[in-house]
Amino acid sequence: MDAPSLVPSIESPATPDAASDQDEIESFAARRKRLQIRRKQARRSSRWTALILVLFAFNVAPVGARSEVVRFFPQTASLFAAVGLPVNLRNLKFENMRISKETQEGLSSLVVEGNIVSVSNRPSEVPRLRFAARDAAGQEVYTAASLAREKNLNSAAALSRHPIMRSM
């Protein structure tokens, strides 16, 4: 009867195996703790990143949509112009302006001539033009209104040199 038993013997586990199990449990807990700390730090840094991106977007959005900002808050036009980002809501520009004084039938008149140019890709409406003469103190002493020859300007079109204002 030298044959080994078919039923395994019931013996308590050896001491070295129990110690390695204990080490594995402790190392698993330590790894888990380190992973939790890493995740917490990543969450904290991602919150800061999100906050910075949101603040950046709130600062960039008014610059990108400055025409709309100036349309609702006209006083901001001078602020944008001061930082080098002027706003032109009408999409019109005056070029080659010339002021001269003429006399016709004994009456002297002030003639303002120049080109009105569309700076938009779309047709632009030319509004009624208002001119004012100011004294040395900056007070308006005379005002006049004038209509342009054309009511609308196509993209990149210009009203050629013509008297814009003739009065006084």
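What the table below lists for this structure:
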{"quantity": "Segment 35-82: radius of gyration and largest Cα-Cα distance (Dmax), Å", "calculated": "17.7, 54"}
{"quantity": "28 Å Cα-Cα reach of Lys101 towards lysines, excluding residues that sit fewer than 8 places from it in its own chain", "calculated": "Lys93, Lys151"}
{"quantity": "Cα→Cβ-extended label distance, 7 Å offset, between Glu140 and Phe58, nm", "calculated": "3.9 nm"}
{"quantity": "Rg/Rh for segment 45-116, where both radii come from Cα atoms and Rh is the Kirkwood radius", "calculated": "1.36"}
{"quantity": "Distance between modelled label sites at Leu6 and Arg31, nm, 7 Å Cα→Cβ extension", "calculated": "4.0 nm"}
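Only the coordinates and a few stated rules stand behind these numbers; no lab work does. Since the structure is predicted, the reported quantities are computational estimates derived from the model, not experimental observations. Don't worry about glycine lacking a Cβ; one is built from the backbone with ideal geometry, like all the others, and counts go over all protein chains shown.
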